[in-house]
Amino acid sequence: MIDDAATALDRRFMAAAIRFSERHTGLTGTNPSVATLLVRDDGRGPWIVGRGITAPGGRPHAETQAINEAGALGPGATAYVTLEPCAHHGRTPPCAEALVRAGIARTVSASGDPDDRVDGRGHAILRAAGIEVATRVLAADAARAMSGYLRRSTERRPEVTLKLAISRDGCIGRKGEGQIYITGPIANRQTHLLRARSDAILVGLGTLLADDPQLTCRLPGLEGRSPLRIVLDTRLEAPLSAGLVQTARRVPTALAVIAEKASASAEPFRAAGCAILACEADPASGRVALPELLEDLAARGISSVLVEGGAGVARAVLEEDLVDRLILVEGADEIGAGGLASPLDPHDVPDRFLRSRILHLGRDRWTEYERRVRS
Ligand code: AOF
Ligand code: ZN
C-alpha cells in the first residue's frame with residue numbers, strides 16, 4: 001500500500017515536471033528542454049523547494065538551477081528529473097555529481113538519455129553515491145515531450161510533424177487565391193504555439209509564391225520564438241521581394257536548393273540574410289532530396305520540423321514515409337468551387353498513424369496522430 005502511494009505521488013510530481021519542461025521546448029538548441037523539481041517532506045506533506053528548466057540556448061541544465069533555488073532546503077530532498085541527469089563534463093560538471101554534492105536523498109527520472117556520453121552513466125553515478133534511483137516514471141509522456149531530441153539522438157534526423165488544415169469538403173485552399181482561412185482563430189493560435197515549439201518550419205516554393213506567408217509565431221509574448229523558416233526551392237526561383245527573404249535578418253530563413261544553384265546566383269539571397277542549404281537532388285524527381293535534407297538539418301542541431309505548406313510537400317513527405325506526427329485541423333466550412341484537394345482524406349488516414357489526441361477548438365476539430373512504432 002505504501003509503495004502504491006509513493007508511486008502515485010511520484011507520478012504526480014513527474015507529470016508536473018514534464019509540463020514544466022515544455023515551457024522551453026524549441027528554445028534550448030541541441031539540448032532537450034528538461035525540468036527538475038526538488039521535493040521534500042518534513043512530515044507535513046510534500047512541497048516543492050526548487051525548480052529548474054534547461055535554460056534558453058541549452059545551458060545551464062535544469063538540475064543545477066533547481067539545486068540553487070532550493071539552497072539549504074536541498075539536502076534530503078527527492079529530485080524529479082524528466083531526463084537522466086548528465087554524466088559528462090561540458091561547460092559545467094555533470095548534473096549527476098551536482099545532485100550527489102547537493103545531498104539529494106532520492107532521484108526519480110522519466111526518460112533515459114541516449115547521448116553516448118550519458119546513456120546509463122548518470123544513473124550509475126547516483127547509485128554509486130548511495131542515492132535511491134527510480135527510473136522510467138511516466139517515461140512515455142516524457143518521451144513525447146522530448147520527442148525531437150530523442151529522434152535526433154537515436155535516428156540522426158529531426159522529428160517531422162505534418163499539419164494540414166482541411167475544409168469540410170476536403171480542400172486545403174482555392175486555386176489561384178493566396179491564403180484563405182480554413183480554420184478559426186483558436187486553431188490558428190494553436191498552430192502558432194506549435195511553431196513556437198518547433199525548431200524549423202518547412203514549406204514549398206509554391207506556398208511562398210501563392211501566399212507570401214510570414215511563418216512566424218505571433219502569439220502575444222511569444223513573438224521571439226519563431227523557428228527557422230526553410231523553403232524548398234530546388235532551382236532557386238524565390239523572388240528576392242518575398243516577405244520571408246525580406247525579413248530574413250529578423251527571423252532566420254533558409255532556402256534549400258540543389259547544389260548547383262547554391263553558388264553565384266544565391267549571392268543576393270545571402271546578402272539579404274538568408275542561409276543557403278546546398279542539397280542533394282532526388283534522382284527521380286530532380287527536386288531537393290528530403291531524407292538527406294533532414295539528415296543535414298539534424299547534423300545542424302535541428303530536432304523538430306513542422307511541415308506547414310503546400311500540397312506538393314505534404315504529399316512528398318507522406319509518400320516518402322517521413323511523417324512522425326500528423327495533425328489534421330478540420331474546419332467547419334466548405335471551400336466549394338475551385339478547391340484544391342487535400343493530399344490526405346481525414347476519413348481515410350493511413351493505418352500507420354495512431355490517433356493520439358482530439359481537441360475541439362471553436363468550430364474546428366484538431367486531431368493528432370503518431371506514427372506507430374516500426375516493428
Ligand atoms: C541534464 N540536464 O537540463 C539537459 C541535459 O552541451 P552540453 O554540455 O550542455 O550537453 C548537452 C547534453 O546534455 C545533451 O545532449 C543531453 O545529453 C544533456 N541534456 N542533461 O542533465 C538538462 N538539457
Ligand atoms: Zn546536466
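The peptide list 184-191, 126-133, put in order of mean Cβ contacts within 10 Å with the highest first, becomes 184-191, 126-133. Placing a label point 7 Å from the Cα of Asp119 along the Cα-to-Cβ direction, the residues of region 75-90 whose backbone N falls under 15 Å of that point are 87-88.
Expressed as a whole percent, the accessible area of the chain that falls on carbon and sulfur atoms is 50 (1.4 Å probe). Size descriptors for region 1-101 (Cα atoms only): Rg and Dmax, in that order, 13.6, 44 Å. Taking each residue as 0.36 nm, the span from Glu267 to Arg363 lengthens on full extension beyond its C-alpha to C-alpha distance by 30.0 nm. Count Lys and Arg as plus one, Asp and Glu as minus one, and take only other residues whose Cβ is under 11 Å from that of Ser33; the net charge is then +1.
How high is the relative contact order of region 156-371, given as a whole-number percent (alpha carbon pairs under 8 Å, six or more residues apart)?
Values: 441 pairs, mean separation 70.0, N = 216.
In percent, rounded to a whole number, it is 32.
Note on region 104-163: Cα-Cα pairs beyond 12 Å make up 70% of the total pair count.
Taking Cα atoms only, the orientation of helix 185-196 departs from the longest principal axis of the chain by about 70 degrees.
Over all other residues within a Cβ to Cβ distance under 12 Å of Ala314, the charged ones net out to -1, with Lys and Arg as +1 and Asp and Glu as -1. Protein heavy-atom accessible surface, 1.4 Å probe, per residue over region 112-254: 47 Å². In percent, rounded to a whole number, the relative contact order of region 232-273 is 54, using alpha-carbon pairs under 8 Å and six or more apart. Between Glu69 and Glu295, the FRET efficiency from the beta-carbon distance, with R0 = 41 Å, is close to 0.55.
Taking 1 over the mean of 1/r across every pair of different Cα atoms in the chain, what Kirkwood radius in Å do you get?
Taking the inverse mean of 1/r over all distinct Cα pairs, the chain comes out at 22.3 Å.
The values are calculated or read from the model by the stated rules, or taken from the named source; none is laboratory data. What you see is a predicted model; the values in this text were computed from it and never measured. Cβ sites come from the backbone with ideal geometry, for glycine too, and all protein chains shown count toward neighbours. All accessible areas refer to the heavy atoms of the entire protein, side chains included, with ligands and DNA or RNA removed. Shrake-Rupley method; radii C 1.70, N 1.55, O 1.52, S 1.80 Å.
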